[in-house]
1. Can you pull out every residue in the range 14-35 that is open to solvent by 80 Å² or more (accessible area, probe 1.4 Å) and under 14 Å from Ala86 (Cα atoms)?
2. It is to be established whether one or more residues within the range 52-67 are closer than 26 Å to Asn338 by Cβ and assigned to a strand (DSSP E or B).
3. Scan the range 237-254 and report the pairs whose first residue is touching a residue at least 40 places away in the same chain (Cβ under 8 Å) and whose second residue is open to solvent by less than 70 Å² (accessible area, probe 1.4 Å), with Cβ atoms within less than 8 Å and a gap of 6+ or a chain change.
4. Condition test on Leu142, is it aliphatic (A, V, I, L, M), farther than 12 Å from Cys74 by Cα, touching a residue at least 12 places away in the same chain (Cβ under 8 Å) and touching a helix residue (DSSP H, G or I) at 6+ places or on another chain (Cβ under 6 Å)?
5. Check Ile45, Ile7 and return the single one that is under 18 Å from Leu58 (Cβ atoms) and either in contact with a strand residue (DSSP E or B) (Cβ under 8 Å, 6 or more places away or on another chain) or not acidic (Asp, Glu) (or both).
6. Suppose we keep only residues that are acidic (Asp, Glu) and in contact with a Leu (Cβ under 9 Å, 6 or more places away or on another chain) within the range 138-169. Which one would you say is farthest from Val69 (Cα to Cα)?
7. Which residue is most open to solvent (accessible area, probe 1.4 Å), if the candidates are limited to the range 167-201 and must be over 15 Å from Leu287 (Cβ atoms) and among the polar types (S, T, N, Q)?
8. Condition test on Lys309, is it more than 29 Å from Arg184 (Cβ to Cβ) and under 29 Å from the mean Cα position of the chain (by Cα)?
Amino acid sequence: MSNITNISLAPSGRDKINWVRSYMPLLTAIENEFKQTQPFAGMTISMSIHLEAKTANLAKVLRAGGANVYVTGCNPLSTQDDVAAALADEGFEVNAHHGASDEQYVADLKATLSAKPDLIIDDGGDFIGLLHGECRDLGVNLIGGCEETTTGIHRLRAREAAGLLDYTMIDVNDADCKHLFDNRYGTGQSTLDGIMNSTNLIIAGKTVVIAGYGWCGKGMAMRAKGMGAVVVVTEIDPVKAIEAVMDGFRVMPMSEAAKIGDLFVTLTGCSDVLTKEHFEVMKDGVLLSNSGHFDVEINKQQLAQMADKVIRRKPNIDGYYLPDGRIINLLAEGRLVNLAAGNGHPAEIMDMSFAIQARSLEYLARNKGKFEKKLYSVPAEIDKAVAKMKLETLGFGIDTLTPEQEEYLNKVEA
């Protein structure tokens, strides 16, 4: 039985779901196929993922394939209660609450795993953490699952390297149709959307400091530059730092960037990217935001200890008033600003990412018993097929090799 905030919110959530479905043609095509092929007949799928309209659409596609689907969020502030209500109203098992306490959040995760799923979708590794710990007994039926975030993949690789990964997982995050588009174009646009929705301030002319130049950082830098910002990148990887330089951005240590930034965005997946030493030299009125999975990149505890008082200045903005008169503004409590203060990635982008998710779960279901307990890449044929489908929906075509060209490329020289 579902445990949500308010079932009466369902009509609003249904409108949101119907809106995004109009812009997710890949999932519509897969849904129509799954209705016929029933790849998940008799199976249970548990999802821990940002619970908003696009995720709800994925849940509906999986149910069309025969699955009994249990849904929860992966971040208390990204759960949209009206979307949770709409899913519950349609008979899904939903356990999720916007703004849940840590205790409620974990209880929702456990309730969603209580079905002893055959397949899981994880976002950040919370399911996998529980299944390796106090909820180990709930993984008895698990064929495998998918992980779609950089942070979650870091956790899985650490487990695998230590010989402590007890389940089969697929690395959706590193599929080309995920990281090249979702991480880059999706994160760049949705992060700025969350920031601008919250602040109603201009980007042009501001010095925007971007911590991390992975695919998410690249996308954020690209979009900030396009809106007229002076972009500074901080990095720990010299290769990525050179790439940022050659892409036209300033690169410097955070200790220097902290003095000149107007807006900071952390996208590293690591902890303590912004700490007391940086807060001490920041400008009055500076804006701090995070687009990494967990709220650990900006050290909120140190910032709170430095402040005389903390005031909610407006929704999603907390002002930390320092003894010297400066105010440091923290957006969305240091959680994912694009989801906690916005609507997440655009529907067309998530259409590709969720098509990869759906196909990867289908791959696991159809090949039950053939996997080892390790982290697998998304099969190249799935990646290519999703890309081809996407091109077709956009109205574009590409060339194919002639037999003579294939022979030339495969020719072995004597």
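The values are calculated or read from the model by the stated rules, or taken from the named source; none is laboratory data. This one's a predicted model, so the numbers in the text were calculated from it and none came from an experiment. With ideal geometry, Cβ positions are generated from the backbone for all residues, glycine too; neighbour counts draw on all protein chains shown. We work out accessible area using only protein heavy atoms, side chains counted, and drop any ligands, DNA or RNA first. Shrake-Rupley method; radii C 1.70, N 1.55, O 1.52, S 1.80 Å.
1. Asp15, Asn18, Trp19
2. Checked the range 52-67: no residue is closer than 26 Å to Asn338 by Cβ and assigned to a strand (DSSP E or B).
3. Between residues of the range 237-254 that are touching a residue at least 40 places away in the same chain (Cβ under 8 Å) and residues that are open to solvent by less than 70 Å² (accessible area, probe 1.4 Å), the close pairs are Met254/Val209; Met254/Ala211; Met254/Thr234; Met254/Val273; Met254/Leu274; Met254/His278.
4. no
5. Selected residue: Ile45, the only one of Ile45, Ile7 that is under 18 Å from Leu58 (Cβ atoms) and either in contact with a strand residue (DSSP E or B) (Cβ under 8 Å, 6 or more places away or on another chain) or not acidic (Asp, Glu) (or both).
6. Pass one, the range 138-169, residues acidic (Asp, Glu): 147-148, 160, 166.
Narrowing further to those that are in contact with a Leu (Cβ under 9 Å, 6 or more places away or on another chain): 147, 160, 166.
Working: Glu147: 17, Glu160: 27, Asp166: 23 Å.
Checking each candidate, the answer is Glu160.
7. Going through the range 167-201, the residues over 15 Å from Leu287 (Cβ atoms) turn out to be 167-190.
Next, only the ones that are among the polar types (S, T, N, Q) stay: 168, 173, 183, 187, 189-190.
On the way: Thr168: 9, Asn173: 6, Asn183: 7, Thr187: 7, Gln189: 102, Ser190: 2 Å².
If we take residues in the range 167-201 being over 15 Å from Leu287 (Cβ atoms) and among the polar types (S, T, N, Q), then Gln189 is most open to solvent (accessible area, probe 1.4 Å).
8. Working: more than 29 Å from Arg184 (Cβ to Cβ): yes; under 29 Å from the mean Cα position of the chain (by Cα): no.
Considered against the rule, which asks whether it is more than 29 Å from Arg184 (Cβ to Cβ) and under 29 Å from the mean Cα position of the chain (by Cα), Lys309 comes out as no.
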